[in-house]
Structure formats: C-alpha cells, structure tokens
Amino acid sequence: MLTRKIKLWDINAHITCRLCNGYLIDATTVTECLHTFCRSCLVKYLEENNTCPTCRIVIHQSHPLQYIGHDRTMQDIVYKLVPGLQEVEMRKQREFYHKLGMEVPGDIKAEICTAKQHVEVHRNGETKAEEHTNKETTEEKQEEDHDYHRSDEQVSICLECNSSKLRGLKRKWIRCSAQATVLHLKKFIAKKLNLTSFNELDILCNEEILGKDHTLKFVVVTRWRFKKAPLLLHYRPKMDLL
C-alpha cells in the first residue's frame, strides 16, 4: 500500500485562525458558515461585529455570540498534527492561573501530569518508571469510579426558576464539566421536573437566552467573566414573558 507524506506547511491554512494567524486554540466554529477560529479571537471580534471574519456572512444581527460553538473535533486534530502545541498551551494556561493566584483547573492539571509521565517513561526507558506510572494509573482508575469527569475543568452553577409556571429544583446547586452544554442542562432540568420535552425550556444568564450549543465554559467567559462563582442561571418555559 502506497503512503504519501504531507508537510504540515501544506495544511496550515486549514488549522490556523484567520484572526491571529496562529494555530487554533480552543477552536470555535460559526454555526452559520462553519468557519473556525480561536475562541478568544472570535469572541473579541464579535464584541464589535456581527459577521464572520472569513466570509462576512451575518451571523446574527444582535446576538452573534449565541451562534458559535466549541469544536472539540477540530481542536483534537490540531493538537495531534502540531507537535508540542498542546503541552505549550497547557503550560501557558498554568502560568496564567498561577500569576492570578488562582487554582489551576482540573483539565489542565491532568494534561500536564499525563505529559510528564509520558516523557519520564520514554526518556528513562526503565521498568521502574513504568511500574510507577502503572501504579498511579491504577489509583486514578479507582477514583474514576466516583468521578467520571475528574479531568475536566469544573463549573459551579445555581439553577433558579423565574417563572410561576414551573417549580424550583430541590437541589439547585450543581457542579459539572465546563464542556457540558446548555442543552445538557435543559435535559437535566426537564428530567428533574418530569417535563415531556426539554425543548419547552429556555435557560438565561443575565436575562439573556443562551444558545443550546453553548458550553458552560463559554458562558462563564462571555457572561460571567468578572463575577464570582457560582454561575447563576435561570430557567423558564419557552416564550414565557415575564
């Protein structure tokens, strides 16, 4: 079977951000036209514009940020194609949080730990190092039974009902992965309230309806950036005028 080598330079146009010309970090795609950019670049751009930076199509007249979404598949592709990019980005994020005196999120800790173990085994080539890694992996596996998303960055949320047509949740404070979406929250609330469909709900932050594909990390960055935890979200029946 014939194989063909492709240089990274030849595909750079497909894995770089048109706004900063760097490799995609926290890849985010415009749902209207499917063009992808770094999340921070795109959010900053859409603060003063409502069109796609590439094709200039109008994303939304007044709320373009509701029509973009995290593209995990694209980000995984970029990290696999560009050697060392993920490790460099994790190190930058760790230094950023330390500079602010904040705790490093769980997903960054996990990535750094995994990278260190990988380097240690391949540099030393010793059975002892491998046994040490296997022992830590076994211990982590035991902890995983109690926490399925321990390696994800976590978000604390308070879910409040602001409509008399729905009852409040018995447990309104939850903690979940930052990669969970607004759609996940809708399904969670619908199940707890025994609703026939999660499509009957709207979830709001700062009185603004959130798009179903928004990740909680995106909501925190764009709607709760300078506020303390927990992230306060409200839910209500769709089209319920308050």
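The values are calculated or read from the model by the stated rules, or taken from the named source; none is laboratory data. Keep in mind that what you see is a predicted model, and the values were worked out from it rather than measured. Because the Cβ atoms are built from the backbone with ideal geometry, glycine has one as well, and the counts that use them run over all protein chains shown. Ligands, DNA and RNA are stripped out before the accessible areas are found, and what is left, the full protein with its side chains, is counted by its heavy atoms. Shrake-Rupley method; radii C 1.70, N 1.55, O 1.52, S 1.80 Å.
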So the helices (runs of 4 or more DSSP H) completely within the stretch 1-102 holding 3 or more residues that are surrounded by fewer than 16 Cβ atoms within 10 Å (Cβ to Cβ) are 8-15, 72-81, 85-99
Qualifying residue in the stretch 181-192 (condition: within 19 Å of Asp26 (Cβ to Cβ), in a loop (DSSP other than H, G, I, E, B) and open to solvent by 20 Å² or more (accessible area, probe 1.4 Å)) = no
Looking at the stretch 177-188, which of its residues are touching a residue at least 24 places away in the same chain (Cβ under 8 Å) and under 13 Å from Leu210 (Cβ atoms)?
-> Ala180, Thr181, Val182, Leu183, Leu185, Lys186
In the stretch 44-89, anything of a type in the set (Gly, Ala, Ser) and under 24 Å from Lys212 (Cα atoms) is listed as Ser62, Gly69
In the stretch 3-49, the residues that are in contact (Cβ under 8 Å) with a residue 60 or more places away in the chain, out of contact with any Asp or Glu (no Cβ under 8 Å at 6 or more places or on another chain) and hydroxyl-bearing (Ser, Thr, Tyr) = Tyr23
Determine whether the stretch 206-222 contains at least one residue that is modelled with pLDDT of 90 or more and touching a Pro at 6+ places or on another chain (Cβ under 8 Å).
-> no
Within the stretch 165-173, can one find any residue that is under 22 Å from Gln66 (Cα atoms), among the aliphatic types (A, V, I, L, M) and open to solvent by less than 40 Å² (accessible area, probe 1.4 Å)?
-> no
Can you tell me which residue in the stretch 155-176 is modelled with the lowest pLDDT, limited to those that are within 20 Å of Asp213 (Cβ to Cβ) and in contact with a Lys or Arg (Cβ under 9 Å, 6 or more places away or on another chain)?
-> Val155
